[in-house]
Structures are given as C-alpha cells and as structure tokens.
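The block underneath contains the structure these notes are about, expressed in structure tokens.
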Amino acid sequence: MKPQYHYDCLILGGGPAGMTAAIYAARAKLSAIVLESNITGGLVNSTYIVENFPSYPSIHGMELMERMREHVDALGVPVEEICALERLDLAGEEKVAVSDEAVYRAPAIILATGRRPVPLQTPTECDQVHHCAICDGAPYAGKRVLVAGGGNSAFDESLYLLSLGVAHVTIVEVMPRFFAAAATQEALFASGKAEGHTETRVVDLEVTNGRLTAALLENTATGRTWREPVDGVFVFLGQNPNNALFTDQIELTAAGYVPAKPDLSTSLPGVFAAGDIVDKPFRQITTAVADGTVAALSAERYLRGR
C-alpha cells in the first residue's frame with residue numbers, strides 16, 4: 001500500500017507560480033507540498049536571459065529559479081521533483097493526488113501546471129530535435145542548426161546558440177513575417193551567421209544512420225521546396241496547456257486553459273489555478289508570481305472559512 005500524506009494545500013507545479021504559492025502558503029502557516037513532474041523552475045529554466053524581472057536588470061533564467069527555490073527551501077516547504085502523478089481527484093472535499101510512490105491529500109489544491117512546448121510535426125523523428133537551447137545547444141558548436149519559429153523565444157535562443165559557437169542558424173516562420181522584437185531580429189541577422197525564411201515550413205527531416213543531416217523546407221507561398229543541411233533543429237512554436245490530469249474535472253476554455261475568477265478560484269470549491277495554465281492575455285514570470293500570490297492567499301481564506 002502506498003504511503004498517505006495529508007496537507008492543507010497541494011501545489012501542482014514548481015514553476016514561478018507554484019513556488020510563489022508555496023512561499024505564501026508557508027507564511028500563512030499552511031502545510032503545503034509542491035509536486036513537480038520535472039524539476040522546479042518550469043520553462044523559465046530554458047530562458048537564456050531574463051531582463052524584465054524587478055530587482056534583476058539581467059539574470060539567467062535558471063539562476064532566477066534557483067534563487068526562488070532557495071526561498072521555498074528556507075521556509076521548509078517540501079518539494080517532490082520528478083513526481084509522476086497517475087491520478088488526480090478534485091471533486092470531493094478532500095483533493096487527492098496519486099503518484100507512482102505515494103498518495104497526497106488536502107482540502108485545497110493549486111493547479112500551477114503551466115504549459116509544454118508545441119512539437120514539430122514531421123513524418124520523420126530524430127534525437128536531434130530540441131526545445132531548449134540552454135539545455136541542448138552546446139554540442140552544436142561549429143555546426144549548422146535550424147530554428148523553427150519566428151517569435152521572441154526563437155530569436156533569443158538563436159542568439160544564444162550563436163554565443164555557444166554554432167556556425168550558422170537558419171530560422172523559419174510559417175507566417176508572412178517574423179514577430180520578434182525588431183532589435184532582436186537586427187542583432188541576429190547582423191551577426192552574418194544567420195538567415196531567415198518567412199512563409200516557410202519544415203516538411204520533413206532527413207536522417208542518415210541515426211543522425212540528422214538536413215531539413216526539407218517548403219515555401220508555402222510559391223511551393224518551392226529545398227534541402228537545408230543542418231545538424232540539429234530547435235523548435236520554438238509556442239506552448240500548449242498542461243491539463244491532462246484535470247481536463248474532465250473542471251471547467252476549461254476551448255483552448256484548454258482554466259477560466260479562473262479574480263481570486264483564482266475555479267469551477268470546483270477548494271481548487272485554485274495559477275500561472276500559465278490560467279486563461280489570460282499575458283504570460284510573464286511576473287504574472288505567474290502574482291498568480292501564485294493570489295492563489296495561495298485565496299486558498300488560505302477558503303480553508304479558514306471552512
């Protein structure tokens with residue numbers, strides 16, 4: 001039989017929203033635990049430079065998340081990383097999260113599960129397709145890479161790849177224009193080591209003896225196709241909500257996000273949401289931190305009212 005653990009509040013997700021919620025829960029004298037399917041930090045870990053978080057003019061995303069985690073640890077909030085949840089029950093007065101090793105119970109829960117990268121859809125798959133330049137970029141020093149996506153993330157990560165010594169970056173965007181900030185676009189193309197193609201999609205990948213050798217590209221406006229020699233592909237096409245554990249349990253938007261109320265409560269009593277999983281117009285580290293604050297304070301008020 002799996003061990004049973006009881007808390008005042010379960011926090012699903014250890015990104016900036018979840019960790020902030022843990023800090024505020026601890027300060028409100030709630031017993032809480034963070035259950036994280038990967039490692040704490042979420043998508044911020046893969047951000048090369050954060051320049052819009054108050055108090056840090058410039059800081060590496062992973063370093064910022066490490067400092068946030070230190071704050072959580074200093075308050076004594078337990079964190080379970082690489083915690084694979086098999087089941088989540090939100091309907092009862094007691095919320096239940098079942099992992100492969102234990103059962104966690106609490107009258108309140110904060111869903112801070114965030115989002116996951118949109119994958120590259122090609123008939124051929126290979127191990128040289130990545131979603132994180134910081135995590136996987138170093139081995140491509142001196143080599144050619146393709147970057148799929150035309151937003152700020154794609155251009156920022158392309159600049160980072162060049163800083164690692166990548167020989168050449170080909171960046172492709174299916175829309176008629178790139179959407180990254182003009183200054184970032186100028187910086188990338190001024191390097192002399194990057195070229196961009198709009199109205200272009202990746203049709204397939206060419207793999208020889210288990211190694212990527214080229215990307216097959218198509219210009220959607222003209223129909224022209226060509227073979228682009230590359231050693232690796234980095235994909236920055238946006239994110240989808242991580243809602244698989246509760247997709248049939250609480251109200252979601254058509255896009256799969258949680259339409260939380262101003263206090264970040266949801267369609268079920270005792271269930272709150274925070275961070276990128278919430279339906280909202282802007283998703284930034286600062287908005288995630290604000291959500292974590294509000295969700296934890298609302299959970300404390302809910303528990304006090306019981």
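May I ask you to verify whether ALA295 is part of a helix (DSSP H, G or I), surrounded by 19 or more Cβ atoms within 10 Å (Cβ to Cβ) and in contact with a Leu (Cβ under 7 Å, 6 or more places away or on another chain)?
yes
May I ask you to verify whether TYR104 is touching a helix residue (DSSP H, G or I) at 6+ places or on another chain (Cβ under 9 Å), among the aromatic types (Phe, Trp, Tyr) and at pLDDT 95 or above?
no
Looking at region 21-65 only, could you name the residues that are over 16 Å from the mean Cα position of the chain (by Cα) and either of a type in the set (Val, Ile, Thr) or assigned to a strand (DSSP E or B) (or both)?
ILE23, ALA32, ILE33, VAL34, PHE53, TYR56, ILE59
Name, by its number, the condition in (1) touching a residue at least 24 places away in the same chain (Cβ under 8 Å); (2) farther than 30 Å from ARG306 by Cβ that does not hold for SER58.
Among (1) touching a residue at least 24 places away in the same chain (Cβ under 8 Å); (2) farther than 30 Å from ARG306 by Cβ, the lone unmet condition for SER58 is (1).
Here are the criteria: (1) within 23 Å of the chain's Cα centre (by Cα); (2) surrounded by fewer than 19 Cβ atoms within 10 Å (Cβ to Cβ); (3) within 18 Å of LEU10 (Cβ to Cβ). Tell me which single one SER265 does not satisfy.
(2)
So, in region 271-288, of the ones that are modelled with pLDDT of 95 or more and surrounded by fewer than 22 Cβ atoms within 10 Å (Cβ to Cβ), which residue ends up farthest from LYS95 (Cα to Cα)?
THR286
With respect to ARG116, is the statement that it is within 30 Å of PRO269 (Cβ to Cβ) and either at pLDDT below 95 or surrounded by 17 or more Cβ atoms within 10 Å (Cβ to Cβ) (or both) true?
Considered against the rule, which asks whether it is within 30 Å of PRO269 (Cβ to Cβ) and either at pLDDT below 95 or surrounded by 17 or more Cβ atoms within 10 Å (Cβ to Cβ) (or both), ARG116 comes out as yes.
Of the numbered conditions (1) in contact with a helix residue (DSSP H, G or I) (Cβ under 6 Å, 6 or more places away or on another chain); (2) not in a helix (DSSP H, G or I), ARG177 satisfies every one except a single condition; which is it?
(1)
If a residue has to be under 12 Å from GLY14 (Cα atoms) and either outside any loop (DSSP other than H, G, I, E, B) or among the hydroxyl-bearing types (Ser, Thr, Tyr) (or both) to count, how many in region 74-90 make the cut?
2
Is it fair to say VAL258 is more than 22 Å from VAL118 (Cβ to Cβ) and either buried (at least 20 other Cβ atoms within 10 Å of the Cβ) or assigned by TED's automatic domain parsing to the domain that holds MET65 (or both)?
Taking the combined requirement at face value, the residue does not satisfy it.
For every residue, the table says whether it meets (1) outside the structural domain of TYR160 (by TED's automatic domain parsing); (2) charged (D, E, K, R); (3) not in a loop (DSSP other than H, G, I, E, B).
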site	(1), (2), (3)
GLY92	yes, no, no
ALA97	yes, no, yes
ARG105	yes, yes, yes
ILE134	no, no, yes
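Looking at (1) exposed (fewer than 14 other Cβ atoms within 10 Å of the Cβ); (2) out of contact with any strand residue (DSSP E or B) (no Cβ under 9 Å at 6 or more places or on another chain); (3) on the phi < 0 side of the Ramachandran plot, can you tell me which one ARG87 breaks?
Result: ARG87 passes all but (2).
Quickly run through region 273-292 and pick out the residues that are touching an Asp or Glu at 6+ places or on another chain (Cβ under 8 Å) and either of a type in the set (A, V, I, L, M) or not in a loop (DSSP other than H, G, I, E, B) (or both).
Correct list: ALA273, ALA274, GLY275, VAL278, ALA288.
Where residues in region 204-227 are part of a strand (DSSP E or B) and either without any contact (Cβ under 8 Å) to a residue 12 or more places away in the chain or not assigned by TED's automatic domain parsing to the domain that holds PRO176 (or both), which of them is farthest from LEU146 (Cα to Cα)?
Here the residue is THR208.
Name every residue in region 140-172 that is touching a Lys or Arg at 6+ places or on another chain (Cβ under 8 Å), of a type in the set (A, V, I, L, M) and surrounded by 17 or more Cβ atoms within 10 Å (Cβ to Cβ), in order of residue number.
Hits for region 140-172 are LEU162, VAL166, VAL169, VAL172.
Give the residue, chosen from GLU206, GLU228, GLU195, that is surrounded by fewer than 14 Cβ atoms within 10 Å (Cβ to Cβ), within 24 Å of ALA141 (Cα to Cα) and modelled with pLDDT of 95 or more.
GLU195
The values are calculated or read from the model by the stated rules, or taken from the named source; none is laboratory data. Small disclaimer: the values here were computed from a predicted structure and weren't measured. Neighbour counts are summed over all protein chains in view; Cβ atoms, including those assigned to glycine, are modelled from backbone coordinates with ideal geometry.
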